[in-house]
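**Q** Below is one structure. I have some questions about it.
Just so it is clear, none of the values below were taken in a lab; they were calculated from the coordinates. In this text the structure is predicted, and so the values were computed from the model without any measurement. Using ideal geometry, Cβ is built from the backbone for each residue, glycine included, and neighbour counts are taken over all protein chains shown.
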Amino acid sequence: MKLLIIVSIGLLAAVDGAARGRRALQAMDAFSLQSFTQLFRQTLLNKIALEMNNTVDMSRDLKVKMDACKVQVTAKTDQCKSAAQSACQADPSFMDYLNAGANLVNPYTYLEGPFNDMASKVGDAVDLLGDKANGFLNSVKDLGGSAVGGVYDGFSSAFNGFKDQLSSLGGSILDAGNSVIDTANLIGDGFTDLGSSIGNVGTDIGHTIGDIGGSIGHAIGGLFGRRELDAQTRQCMEKCAPCRPLLLPTQSDIITSVCGPEIVNTNKTIQDRVGKLQRVYDATLDKIHPIITKVEFDPSSMNAQMQLANVHITVRLNGRDQSYKTTVPYSMMNLPTTAQNMAMEFWGKSQ
């Protein structure tokens, strides 16, 4: 409360000074900007913790769908082989072209690299936010514990980096209040609705699975041991209706034809989610390029509720410094809510 009063007094002084003369935009003073930036970072870390939980859940569901798809592909492959043997005078050798018995990689492996990279920066979270990072750190610790405990079978390796880094911090930070982010409360506060969401299942397929290059792409691509076809085998397969889905040009085309589009869509959504999580996380904890460098406001835009309507913010967004007029009114008597809403607007603009 003392901090809020000091910040508000500082802003009121600036407003009063501006009212006596010019009406140009006024920059937030250094102390207020530091406090605002810390709350802004805290909001983004809490949002990241929420989205990490959601992404893990989505990866778990994808694993179930991939296992079911493997059964469907095996059945389609058997139908194709049977039809080809009946349709052709020769008995074409598939030469392991469709090896439906190949091991299916756990899709959680895609999360391991990005999460380990994020884990390497938890010390920066403590340096920049102090105990305001506790909610994020404890939430990651809690999710990692669930994974290791078997709730997310085969997922524990993706949290090894966080586990090691959290252990190196010792108990003093994590035990301070033992705060864990209440994800249900975050959703109620608009953490999902303010700004655009990361991406939704059922949107444009985008990249083909064979071109993605991430581990989850390889996991789905590894559903088949597909090799180049000789001309005789291709001609034979083309005669057989059960074989035609297996002749499509990309892995994503084959999976969509045999199992439906949801696996491909979910795969892309997870790719988008993890990429955005990592980029926003890096920007939030960047010590060289602060996530906020300037907040400016027009003192004459203050309304009866002590809100400034004309506010401009300069942030590190999508890899470069950008300034824009925020749609969030600056509530001079409620700094935390203002910082949270502006952080969620930033999230929506992040790619």
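**Q** Once the piece of chain linking Ile288 and Asp57 is laid out straight, how much longer is it, given 0.36 nm per residue of separation minus the C-alpha distance between them?
**A** Full extension from Ile288 to Asp57 adds 79.8 nm.
**Q** Among the listed pairs Lys268/Lys294; Lys132/Lys268; Lys81/Lys268; Lys47/Lys268; Lys163/Lys268, which have their C-alpha atoms separated by more than 29 angstrom in this model?
**A** Over 29 Å Cα-Cα: Lys268/Lys294; Lys132/Lys268; Lys81/Lys268.
**Q** Pop a pseudo-label 7 angstrom from the Cα along the beta-carbon direction at both Thr74 and Asn303 and give the gap in nm to one decimal.
**A** 6.2 nm
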